[in-house]
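Values quoted throughout were computed directly from the atomic coordinates according to the rules given, and no laboratory measurement underlies them. Here the structure is a predicted model, which is why all the values come from computation and not from measurement. Heads up, the Cβs are rebuilt from the backbone with ideal geometry, glycines too, and the neighbour counts pull from every protein chain shown.
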Amino acid sequence: MTLNKELIDKIINITSKAAISCYRFVGKNDKKNADKAATDSMRNEINQLEINGEVVIGEGELDKAPMLYIGEKLGKGGNVNLDIAVDPLEGTNFVAKNLPGALSVISIAEKGNLFNAPETYMDKLAVSNKVPIEATDLDFPVEKNIHNIAESLNKDINDITACLLNRPRHKEIIDKLKKMNVKLKLISDGDVSGALMVTDDKYNVDIFLGIGGGPEGVLAASAIDAYGCKFQGRFIFDNDKDISRAKQMGIKDLKKKYELKEIIKGDSIFCASGITTGDLLKGINVKDNKYITETLVTHKSSNMCKIVIREDTIKT
């Protein structure tokens, strides 16, 4: 099996070190250098692996270096061919302003198994695995989704919690949810984290919905797959540049609704390391000359969904 425990440990190392690398920028109001530090660390660590890797989810194109760009080849070579999705720093604002919820995120799958997503918006829906798969749909009215979730969970509608990005584009959805007296969890950024909150009762989120980043949608889908939760997404191509780019990437139906199994196929490893403490993970803690990190790791084929705590000695 390509995606084994040894590789899992190496992927945990990659996000932990990327998180540590931008820790010094927490609260420094310097998004650019925080992102660069995480990106440089992630690229360097991936390039130590004996793999043939290609970035299928990244940040921009070749001319956007030093970002990890779509199509970039990574690794030292070998017999292992992997698709790689990265968000070295999800929540640049969180780091810059010392706010909760910044993460360093990566997902890997065997070549051809991870959707090659353009850097555009995606309309998303993620729902707990306790809700029947057919009960919700991206194309249902929001009221129908909420009613079906409440009925399947045997909850009152006013006990249902919906999470979405707090954006003007979501005003209509938010107004409908308020009218239904649904509990709202409005997040300022970080929609990988938002989607992952449907994976465990402790987060008290029943549905994540709305428009966010397409790359973040694919990353979240990779983790959600290991939990057996539902995810659907539809990319939004609203200008000629995005449409042209999508066609170059082989996307023929621009209005297609993607099911989870179309976004992530086969086995996968997902890792997210906390930088600043949020709902999902504790941020980096410095103690006794060590960085202590928390990483959420999922591995589909072994049913692994756990948090790993790790210590790295501070180099002087």
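In this model, which of Lys111/Lys257; Lys31/Lys176; Lys73/Lys130; Lys230/Lys282; Lys97/Lys144; Lys178/Lys300 are farther than 28 Å apart at the alpha-carbon?
Violating the 28 Å Cα-Cα cut-off are Lys31/Lys176; Lys73/Lys130; Lys97/Lys144; Lys178/Lys300.
Give me the one-decimal nm value for the distance between modelled label points at Ser302 and Asp159, 7 Å along each residue's Cα-to-Cβ direction.
3.7
For segment 144-195, which trypsin sites (Lys or Arg not before Pro) are both in a DSSP coil and crowded by at most 16 other Cβ atoms within 10 Å?
Lys155
I want the local charge near Thr15. Using Cβ-Cβ distances under 11 Å, sum +1 for each Lys or Arg and -1 for each Asp or Glu among the other residues.
Taking every Cβ under 11 Å from that of Thr15, the sum is -1.
Using 0.36 nm per residue, how much length does the chain from Asp139 to Asp40 gain when fully extended, once their Cα-Cα distance is taken away? Display every interim value, and only then the final one.
Values: separation 99, 0.36 × 99 = 35.64 nm, distance 3.97 nm.
Value of the extension gain: 31.7 nm.
For segment 121-263, give me the percentage of DSSP beta bridges that are antiparallel, rounded to the nearest 5 percent.
70
What number comes out for the charge environment of Asp267, summing +1 per Lys or Arg and -1 per Asp or Glu over other residues with Cβ under 10 Å away?
It works out to a net charge of 0.
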